[in-house]
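J.: Quick one: the structure is below, questions incoming.
The values are calculated or read from the model by the stated rules, or taken from the named source; none is laboratory data. Just so we're clear, the structure is a prediction, and the values are computed from it rather than from any experiment. Because the Cβ atoms are built from the backbone with ideal geometry, glycine has one as well, and the counts that use them run over all protein chains shown. For the accessible areas, the whole protein counts, side chains as well, though only heavy atoms, and no ligand, DNA or RNA atoms are used. Shrake-Rupley method; radii C 1.70, N 1.55, O 1.52, S 1.80 Å.
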Number of protein chains: 2
Amino acid sequence: MPKQFTEAEVIERIEDMRRRRPRFTDTQITMSHGSGGKASRQLVEGLIVPLLDNPALACLGDAARVQVEGATLALTTDSFVVHPLAFPGGSIGELAVNGTVNDLAAAGARPISLAAALILEEGLDAEVLRGELEAMAAAAQQAGVPVVTGDTKVVERGKADGLYITTTGVGLVASDVALAPELVQPGDKVLVSGTVGEHGMAIMLARGQVDLDADIRSDTAPLWPLAEALLATCGADLHCMRDATRGGVATVLNEIVLTCQLGAVVIEDKVPLRPEVVGACELLGIDPLYVANEGKLVAFVAPDRADEALEALRAHPTGAAAAIIGEVAEEPAGRVLGRTGFGGHRMIDMLVGDPLPRIC
Amino acid sequence: MPKQFTEAEVIERIEDMRRRRPRFTDTQITMSHGSGGKASRQLVEGLIVPLLDNPALACLGDAARVQVEGATLALTTDSFVVHPLAFPGGSIGELAVNGTVNDLAAAGARPISLAAALILEEGLDAEVLRGELEAMAAAAQQAGVPVVTGDTKVVERGKADGLYITTTGVGLVASDVALAPELVQPGDKVLVSGTVGEHGMAIMLARGQVDLDADIRSDTAPLWPLAEALLATCGADLHCMRDATRGGVATVLNEIVLTCQLGAVVIEDKVPLRPEVVGACELLGIDPLYVANEGKLVAFVAPDRADEALEALRAHPTGAAAAIIGEVAEEPAGRVLGRTGFGGHRMIDMLVGDPLPRIC
């Protein structure tokens, strides 16, 4: 029988995590603070969260929960600074909508409204801007959520790489939805909604930094339909969801186990991967578990509901390649292990350094 | 008896405004697209709004109204790219909180939650970041609204001028609040909540672009207390409010009269001005009505409630220098006139060009 946490225990765990908060001791910002890995965590949890201290922010989920007039809203914001602006499979405008919609989806929130703030570089080609606005409009329509307000600033030539977009989303959380890392239980199955590593790899190839000719396209897609299907199928047996963007599936798993102080085991040959991604990762010496996705949900589900959850994901085109990739255990607390094809284990740690900045 | 508009008439006016929408024909983005004047309007109304088309966005208020579970929320977003990061009277962190709080306030919405997205430049001094986070925290506490969620991205050295902040706010609009340019009536008095032009002048002096030694400080301040006082005092006789930032009071007045197709007359010697601002503007040949504020509300109030409204503003320290600066008339439709000290009139047009970019 998996352990059930009382509210007091959940609060104690959050307090405990605060005491173990990473320290920020750097004197300057470096690219690795934006990588989504250890340095990002030190910056966010060691500097930003303590200074802006409040309970909603301290939860560090994909979106904050806010109570308004009896309704539970989810609020999330993301700046998109991807370079280049366009890449195989997508562009910054599409990403800026899907990325925010997906943070809401992972929080179990139906997207209601988006706000978009544009920082434009002097000299930006008006047709490029038009194209990205069209991409935003198309993505917003696909996700079924309007962009209701916005802002436009212009900065001098040489700044802002053409266009930065900050998208903020408001969503509505149904009253019976409870999702949190603290609700993850030993025995829970770990599901991923499809093949991993495509977005980050597509960006790396689009930059021309590596001499490799592979047909890898970003997976950018709205995830609310998958999240909605999981919520409907599993109810309270769906314990937590995350959108596996910067830092990839490995980082999401590490963040969850650090919070719930349980362990996770990933059965590595169950991780869905396109052969082109496998090939590119091998050539470049990169682990696809750390590569960013822009349309992949990681879900923690009670073991006896995992097959139904998998079926629900696979019933939707975006989740056709979904898989159960591992499970949660009591030990090793706060750690993620990979079980390799030869029966061995390896530690899947937090990302250190900066293999690929500015991927979203 | 001022004309009352039916809902159908309001919709017709919006439709009519859409037909008269400015066209965007530029091939490149220039600094003037960020000035808040005519070029900004062409970009926003000629390109962005038509592409992201939806009714809430088309209203172009300081914040969008969103209905959720019977409650009316206001949603607003603003990117802050002010250069330099710190200036007399404030800094980007304080501005980023107050600016968004003030957009909510002008929409008649009590601020509920903020989201903050940071774009950091590689090499940013950690102490500068810490100082701006402290400024955000202090401003958020003063305004009584928590920063509940955020995002952090890092861009390469030479980009982002150290730090850009995008702040998004969610507010709650009371069920009896109706504020819109379409509700402005002939005869309405125009109130401003204090002395104008300080923020833009403080930025200009802080840049050292002009050889002038004047003690001018930014007026950055949260405006919800003033907005709340006006709502409580005037009820439905408060017809519209705006936060007079980029483009100053002149731009706000022009935007309102263009929408309601009425005229506004400003009695120029009634506009509250600090002598240092008058002096600096005269020396530099700048009209203070076009200079940005970061803590000034413009309100349109039925004439028989204007004195009470003025009293309500003046009762609060932020509104101590409030004044009635003009009134609304049937003619000239869509135009703002200034009545000068000698009994003459001048046209106060939309701002053209780019006297002072990146002031917020």
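J.: Of the heavy-atom accessible surface of the range A:62-175 (probe 1.4 angstrom), what whole percent is carbon and sulfur?
T.: Working: 1380 of 3010 Å².
Result for the range A:62-175: 46 percent of the exposed heavy-atom area is carbon or sulfur.
J.: Could you tally up the Lys pairs in chain B with alpha carbons closer than 28 Å? Skip any pair fewer than 8 positions apart unless they're on separate chains.
T.: The number of close lysine pairs in chain B is 9.
J.: Run the dipole for the range A:308-360 about the Cα centre, Lys and Arg Cβ at +1, Asp and Glu Cβ at -1, nothing else charged, and hand back the magnitude in debye, nearest 20. Display every interim value, and only then the final one.
T.: On the way: 5 positive and 7 negative charges, 52 e Å.
The calculation lands at about 240 debye.
J.: Please tell me the relative contact order of the range B:181-347 in percent, rounded to the nearest whole number, where contacts are Cα pairs under 8 Å and at least six residues apart.
T.: Values: 376 pairs, mean separation 71.8, N = 167.
Relative contact order here is 43 percent.
J.: Keeping all protein chains in place and using 1.4 angstrom, which order do B:GLU198, B:GLU156 fall into by accessible surface area, from largest down?
T.: Working: B:GLU198 15, B:GLU156 70 Å².
Result of the area sort, largest leading: B:GLU156, B:GLU198.
J.: May I ask you to report, in nm to one decimal and beginning with the shortest, the distances from A:ASP304 to the same position in the other copies, taking label points 7 Å along Cα-to-Cβ?
T.: 7.2
J.: Starting from the Cα coordinates of the range B:50-177, work out the convex hull volume and express it per residue in Å³. Could the numbers behind the result be given before it?
T.: Details: hull volume 16.3 nm³, N = 128.
Cα convex hull per residue, to the nearest whole number: 128 Å³.
J.: Taking a point 7 Å out from Cα toward Cβ as the label site, list the nm distances between A:ALA315 and the same residue in every other copy, smallest first.
T.: 5.9
J.: Still on this structure: Anyone know which of A:GLU127, A:GLU268, A:GLU330 comes out most mobile in the 10 Å Cα GNM of chain A?
T.: Comparing A:GLU127, A:GLU268, A:GLU330 in the GNM, the peak value goes to A:GLU127.
J.: Do you know the relative contact order of chain B, to the nearest whole percent, from alpha carbon pairs under 8 angstrom that are 6+ apart? Walk me through the numbers before you get to the answer.
T.: Values: 816 pairs, mean separation 82.8, N = 360.
It comes to 23 percent, rounded to a whole number.
J.: For a quick check: with amide H placed at 1.01 Å from N, whose amide H comes under 5 Å from B:GLY247's, ignoring anything fewer than 5 positions away on the same chain?
T.: B:ALA292
J.: Regarding chain A, what's the average projected area of the Cα-atom convex hull, expressed in nm²?
T.: Numbers: hull surface 72.8 nm².
Dividing the Cα hull surface by four gives the mean projection, 18.2 nm².
J.: Accessible area lost on pairing A with B, both sides, 1.4 Å probe, Å² to nearest 100? Present the calculation step by step, with values, prior to reporting the outcome.
T.: On the way: alone 16380 and 16450 Å², together 26510 Å².
For A against B, buried area totals roughly 6300 Å².
J.: Right, something else. Taking a point 7 Å out from Cα toward Cβ as the label site, list the nm distances between B:ASP26 and the same residue in every other copy, smallest first.
T.: The projected label point of B:ASP26 is separated from its counterparts by 3.5 nm.
J.: Classify the range B:47-116 as rounded, prolate or oblate, taking a ≥ b ≥ c as the square roots of the eigenvalues of its Cα gyration tensor: rounded when a/c is under 1.5, otherwise prolate if a/b is larger than b/c and oblate if not.
T.: Numbers: a/c = 2.93, a/b = 1.55, b/c = 1.89.
Oblate.
J.: Follow-up. Rounded if a/c is under 1.5, else prolate if a/b beats b/c, else oblate: with a ≥ b ≥ c from the C-alpha gyration tensor eigenvalues square-rooted, which is the range B:294-360? Walk me through the numbers on the way to the answer.
T.: Numbers: a/c = 2.09, a/b = 1.18, b/c = 1.77.
In terms of gyration-tensor shape, oblate.
J.: Please compute the modelled spin-label separation between B:ALA236 and A:THR340, points set 7 Å along Cα→Cβ, answer in nm with one decimal.
T.: Calculated label separation equals 7.6 nm.
J.: Then there is this: Just to check I understand the Karplus step: with θ = phi - 60° and J = 6.51 cos²θ - 1.76 cosθ + 1.60, what whole-Hz values come out for the range B:289-296, glycine and proline as x?
T.: Coupling constants for the range B:289-296: 5, 9, 8, 5, 10, 10, x, 10 Hz.
J.: What's the local net charge at A:LEU297, with K and R +1, D and E -1, over the other residues with C-beta under 12 Å away? Each step should come with its number before you reach the end.
T.: Details: positive: A:ARG242, A:LYS296; negative: A:ASP62, A:ASP103, A:ASP219, A:GLU228, A:ASP243, A:GLU294.
Neighbour charge sum, excluding A:LEU297 itself: -4.
J.: Compute the whole-percent fraction of alpha carbon pairs in the protein assembly as shown spaced more than 32 Å apart. Write out the running numbers ahead of the final one.
T.: Working: 132096 of 258840 pairs.
Value for the protein assembly as shown (Cα pairs over 32 Å): 51 percent.
J.: With a/c under 1.5 counting as rounded, go ahead and sort the range B:168-293 into rounded, prolate or oblate using the C-alpha gyration tensor (a ≥ b ≥ c being the square roots of the eigenvalues; past the cut-off, prolate if a/b is larger than b/c, else oblate).
T.: Details: a/c = 2.39, a/b = 1.71, b/c = 1.39.
Note, shape of the range B:168-293 comes out prolate.
J.: Need one value: the accessible area of B:LYS270 in square angstrom, 1.4 angstrom probe, rounded to the nearest 10.
T.: 110 Å²
J.: GNM on chain B, C-alpha springs below 10 Å: top fluctuator among B:VAL68, B:VAL252, B:VAL271?
T.: Judging by the Gaussian network model, the answer is B:VAL68.
J.: Please report the net charge: other residues with Cβ closer than 9 Å to the Cβ of B:ALA96, K and R +1, D and E -1.
T.: On the way: positive: none; negative: B:ASP78, B:GLU94, B:GLU132.
Around B:ALA96, the charge tally is -3.
J.: Further, regarding this structure: Between A:PHE342, A:PHE300, A:PHE87, which gets the highest mean-square fluctuation from a Gaussian network model of chain A, Cα cutoff 10 Å?
T.: Per the Cα network of chain A with a 10 Å cutoff, A:PHE342 tops the list.
J.: R0 = 25 Å: FRET efficiency of A:ASP287 with B:THR27, Cβ-based, nearest 0.05?
T.: On the way: r = 44 Å, r/R0 = 1.77.
Efficiency, from the Cβ-Cβ distance: 0.05.
J.: Still on this model: In whole Hz and in residue order, list the ³J(HN,Hα) couplings for the range B:133-143 that follow from phi through the Karplus curve 6.51 cos²θ - 1.76 cosθ + 1.60, θ = phi - 60°; x for Gly and Pro.
T.: 5, 5, 5, 4, 4, 5, 5, 5, 5, 4, 7
J.: Run the numbers on the range B:62-175 and let me know its relative contact order in percent, using alpha-carbon pairs under 8 Å that are six or more apart. Before the final figure, lay out the partial values.
T.: Values: 237 pairs, mean separation 48.5, N = 114.
Taking the mean separation of contacting Cα pairs over the length of the range B:62-175, I get 43 percent.
J.: Same structure again: For every other residue with a beta carbon closer than 13 angstrom to the beta carbon of A:THR72, add +1 if it is Lys or Arg and -1 if Asp or Glu, then tell me the sum. The partial results should precede the final answer.
T.: Details: positive: A:ARG65, A:ARG110; negative: A:GLU69, A:ASP176, B:GLU69.
Summing Lys and Arg as +1 and Asp and Glu as -1 gives -1.
J.: Report, in whole Å, the centroid distance computed from the Cα atoms of the range B:221-283 and the range A:288-357.
T.: Distance between centres, Cα-based: 55 Å.
J.: Here's another thing I want to ask about it. Can you give me the distance in nm between label points at B:GLU331 and B:ASP307, each placed 7 Å from the Cα along the Cα-to-Cβ direction?
T.: 3.1 nm
J.: Convert each backbone phi in the range A:107-119 into a coupling constant with the Karplus relation 6.51 cos²θ - 1.76 cosθ + 1.60 (shift: θ = phi - 60°), then list the ³J(HN,Hα) values in order as whole Hz, x for Gly and Pro.
T.: 8, x, 10, 6, x, 10, 8, 10, 10, 10, 10, 9, 10
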